[in-house]
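Taken together, the values in this text are just the output of simple stated rules run on the coordinates, not laboratory data. On a predicted model such as this, the values are computed, not experimentally measured, just so you know. Using ideal geometry, Cβ is built from the backbone for each residue, glycine included, and neighbour counts are taken over all protein chains shown.
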Amino acid sequence: MINLNPLKKIVFVFLIFLAIGAYFSVQAVEVIRGILPENVSIVAFSPVDVFVAIATVVVAFALMFTLPVVLFEAIKFIKPALYEKEKKALFKFLPISIFLFLAGAGFGVYIMAFFGLRFFAAMAAEYGIQNLWSLSSLTESLAIIGIAFGLTFQMPLVLTFLVKQRLVKREELASARPLVLLGILILAAFLTPPDLMSQILMALPLYALFEGTLFYLHFVQPKEKKKPMKIVIPKNPPKEESKPEEAGKPEETQAKEDDKPKETTKPKEAEEK
């Protein structure tokens, strides 16, 4: 019979945070308006635009705080199939993963989106276009930015996993610093508005996470066990027994004797005749 208690617990926690998010939905909209520049007005282009925006914010809030419970129940389900070392690693990295995700989401919404929205608003004002932004589109964009940065901040855990599984060495990651920095700058150029400040604000924390991971791996990298050198002492070879000269003939002489014709002995009666 299928055990539905974990699913009931997850749904119960989700509904609780859904109710909390709905209660503070007005304050959430005020927080979003605080991120926007002064020359931007939020409008609703359809009757359900406000409802969709509020629902997006509330559901995102509930999912964010329900995710730890989902992960805990998933680990609890697969726990009997894990070794003791794997159990300790999971319960050790789970809180770190949640913290990094929330830190990345907060950084993306309150820092990257803050400067990015101002850049786009200033660009529209420069061309004489009034900034009338849809509330539902704005909340969806902020949710995507938060999730993207939350996943990006999982880089330290990914690198630690690769080193722990001996798929890559810390020295190889350290020697690839120029390539990593170049990749981070290219990623920042694609994900941020085309201004230098936004690219630096995204590249600096990612590279700081990379360097911090290398510093951490310096102490936890599994060391290769050196095999002890085996010194093999040769044993005294057995002394060869001296064979008597008469014992046996060489093969060549034996073959020559075999090639000689054998003397036929005549019968005695023939000799007497």
Self-check item: E86 paired with Y110, simple spin-label distance in nm, labels 7 Å along Cα-to-beta-carbon
Solution: 3.8 nm
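Could you give the length gained by full extension between I129 and F219, i.e. 0.36 nm per residue of separation minus their alpha carbon distance, to one decimal place? Spell out each step's value before the answer.
Values: separation 90, 0.36 × 90 = 32.40 nm, distance 5.52 nm.
Gain on stretching I129 to F219: 26.9 nm.
Can you tell me how much longer the chain between V31 and A208 gets when fully stretched, taken as 0.36 nm per residue apart minus their C-alpha distance, in nm with one decimal?
Working: separation 177, 0.36 × 177 = 63.72 nm, distance 2.81 nm.
Separation in residues times 0.36 nm, less the Cα-Cα distance, equals 60.9 nm.
Provide the FRET efficiency to the nearest 0.05 for the L157-V11 pair, computing r from the beta carbons and using R0 = 22 Å. Let's see the in-between values first.
Working: r = 28 Å, r/R0 = 1.26.
About 0.20, to the nearest 0.05.
What share of Cα pairs, in percent, lie more than 15 angstrom apart in region 157-225? It would help to have the intermediate numbers written out before the result.
Working: 1308 of 2346 pairs.
Tail of the P(r) past 15 Å holds 56 percent of the pairs.
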Self-check item: C-alpha center-to-center spacing [region 131-167, region 24-64] in angstrom
Solution: 20 Å
Practice problem: For I144 and I78, compute 0.36 nm times the residue count separating them, minus their Cα-Cα distance, and round to one decimal in nm. | Solution: 20.7 nm
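I need the shape label for region 1-101. Rule: rounded when a/c is under 1.5, else prolate if a/b > b/c, else oblate, with a, b, c from the alpha carbon gyration tensor. It would help to have the intermediate numbers written out before the result.
Working: a/c = 4.00, a/b = 2.08, b/c = 1.92.
Verdict is prolate for region 1-101.
Which shape class, rounded, prolate or oblate, goes with region 104-144 when its Cα gyration tensor gives a ≥ b ≥ c as root eigenvalues, a/c under 1.5 marks rounded, and past that a/b bigger than b/c marks prolate?
oblate
If R₀ is 41 angstrom, what is the calculated FRET efficiency for the pair V70 and L196, using the beta carbon separation as r and rounding to 0.05? Walk me through the numbers on the way to the answer.
Working: r = 39 Å, r/R0 = 0.96.
Given R0 = 41 Å and the Cβ-Cβ separation, E is 0.55.
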Practice problem: May I ask you to derive the relative contact order of region 1-153, considering only C-alpha pairs under 8 Å and at least 6 residues apart, and to give it as an integer percent? | Solution: 38 percent
Self-check item: Cα gyration tensor, region 37-85 - rounded (a/c under 1.5), prolate or oblate
Solution: prolate
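Run the dipole for region 157-225 about the Cα centre, Lys and Arg Cβ at +1, Asp and Glu Cβ at -1, nothing else charged, and hand back the magnitude in debye, nearest 20. Please list the in-between numbers first.
Details: 7 positive and 5 negative charges, 86 e Å.
Dipole of region 157-225, to the nearest 20 debye: 420 debye.
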Quiz item: Which is farthest toward the positive dipole end of region 1-153 among M64, M123, V109, measuring Cα position about the Cα centre, with Cβ charges +1 (Lys, Arg) and -1 (Asp, Glu)?
Solution: M64
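Ranked by Cβ crowding within 10 angstrom, fewest neighbours first, how are S141, S198 ordered? The partial results should precede the final answer.
On the way: S141 15, S198 21.
In increasing order of surrounding Cβ atoms, one gets S141, S198.
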